[in-house]
Amino acid sequence: MRIDLESLAFGEGGYLLIKRAIQATAPGDSVTVHGTAPGLEVDLRAWARLEGHQFEWRRGEAGGNGQAIIVNGGAHGGRWTGAERVGGAGTDDSPADHPPRRWGLAARGATIEAGAPEFPFHLVDKIEVWSDDASYIYAQAAAAQWDPETAIPWTSAVNLPDDIEDAVVQIMTYLIENETAALIIPSRFIAQMHPHFREVMQLLAVQAADEARHIEIFTRRARLKGDRLGLSTIGGQASLKTLMDEPEFAIASFLLSVLGEGTFLSLLWFIERYAPDPVTAAVARLAAQDEARHVAFGLSHLGQHLAKDASLRPRLADAIRRRHDALRQTAGLNEEVFDALLLMAAGSWEQAALQEGHRRVMQLTRDMDEGRRKRLIRLGFTDAEAGDLSALHTRNFM
């Protein structure tokens, strides 16, 4: 094979033409290189030595330009001996069941050089994290992102009685701390997950972004009329800590997404329905739309996990009981939040209004219980099991 670089210098791209020619030859075959650029011999000689090729320079006759003879030393092919494809072959982009840690950060479908370092990923089994719906839910989430500045009518008139405004602030304060836990938990597992499961990583990242946005809007609503937020209780903090302490992804997803955020869906739609102002209604509605996707992924992932490993189901039940026992000595939902929900739903201090507000909050708790039962049954629990387990869910809702 012969290449004439003409005036193209080695460093200007000439080396690409030479590499391409060498790669097209078998070890032991040669490539002859011509060129008029100054310093070509020096550049070619150094490059050939670095790449493991034999090099010979033949001077031209009567002061003419010389030429290089480069013999393929086979080093390039040898470098990729033992290389492996990361994931499926051909057009199959499905993830492997047990991607090795040596695949590291390589993109699924890439070819990785042998000898790469192992990465300390903890979640390396497909069954632990995967959902066939992850890419669909991620695409849906990416398309449904919204801007807090423009999606919420912050300039709407909000002129509530002080007691009603205080109730809204207390509810927002409660929502903020719960959404903070819902941000931290998926973020923690992202760092433990093998990047081979990129769709799940992307989805969890969007979930974390959702929660960050919810924290922003709940905080802005709480501070709309004043600087002071509401109260945070020991019971509420203890309840959320049990979620954050859970080390297993499947169980954490079950407790947070299926039970906690599922229960929160009912709460957010309740707030949207009985909100005393358009800003409160908007923040609850938009947050609920996001949370519905989080619940959908949790159900999808756990459904697939259970289809392959039915032994997970009793462990999920045990997790509910274990959390219930850990929180047995706490008061559950703090009375400030319960009273705030009742007053917001009532809208005034009139006796008949308070009675109606109480009825609405009691209906909320029944709606929450019904929703939990349905999701538990969807995961394969019997009606009786679902009823018993739903009753054990923390009274703090999340």
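List of remarks:
- Label-to-label distance, LEU105 versus TRP146, with points set 7 angstrom from Cα along the beta-carbon direction: 3.5 nm.
- HIS358 accessible area, assembled protein chains, probe 1.4 Å, Å²: 80
- Distance histogram for the chain (every C-alpha pair counted, 10 angstrom bins, percent rounded to whole numbers): 4, 19, 22, 16, 11, 8, 8, 7, 3, 1, 0, 0
- Compared with the alpha-carbon gap, the fully stretched path from GLU84 to GLN329 is longer by 82.7 nm at 0.36 nm per residue.
- In this simple spin-label approximation, ALA292 and ALA384 carry label points 7 Å from Cα along the Cα→Cβ vector, and these lie 3.5 nm apart.
- The spacing between the stretch 170-200 and the stretch 1-56, judged by their C-alpha centroids, is 53 Å.
- Extension gain, GLN351 to ALA46, is 100.6 nm, computed as 0.36 nm per intervening residue step minus the present C-alpha separation.
- GLU84 sits among other residues whose Cβ lies under 12 Å from its own Cβ, and their net charge, with Lys and Arg +1 and Asp and Glu -1, is +1.
- With all protein chains modelled, accessible area of ARG321 [1.4 Å, Å²]: 110
- Annotation: GLU356 carries an accessible surface of approximately 60 Å², with a 1.4 Å probe and no ligand, DNA or RNA atoms counted.
- Label positions at THR32 and ALA238, each projected 7 Å from the Cα along the C-beta direction, are separated by 8.8 nm.
- FRET efficiency, 1/(1 + (r/R0)^6) with R0 25 Å, evaluated for GLU56 and ALA9 via beta carbons: 0.75
- Gain on full extension, evaluated as 0.36 nm per residue between HIS358 and ALA139 minus their Cα-Cα distance, stands at 74.8 nm.
- Neighbour net charge for ALA250 - beta-carbon separation under 10 angstrom, K R +1, D E -1: -3
- For the chain, the relative contact order works out to 14 percent when only alpha carbon pairs closer than 8 Å and six or more residues apart are counted.
- Residue order by solvent-accessible surface for VAL42, VAL295 is VAL42, VAL295, largest first, with ligands and nucleic acids left out and a 1.4 Å probe.
The values are calculated or read from the model by the stated rules, or taken from the named source; none is laboratory data. What you see is a predicted model, and the numbers here were worked out from it, not measured in a lab. Glycine gets a Cβ as well: all are built from the backbone with ideal geometry, and neighbour counts include every protein chain shown. Keep in mind that these areas ignore ligands, DNA and RNA; they rest on the heavy atoms of the full protein, side chains included. Shrake-Rupley method; radii C 1.70, N 1.55, O 1.52, S 1.80 Å.
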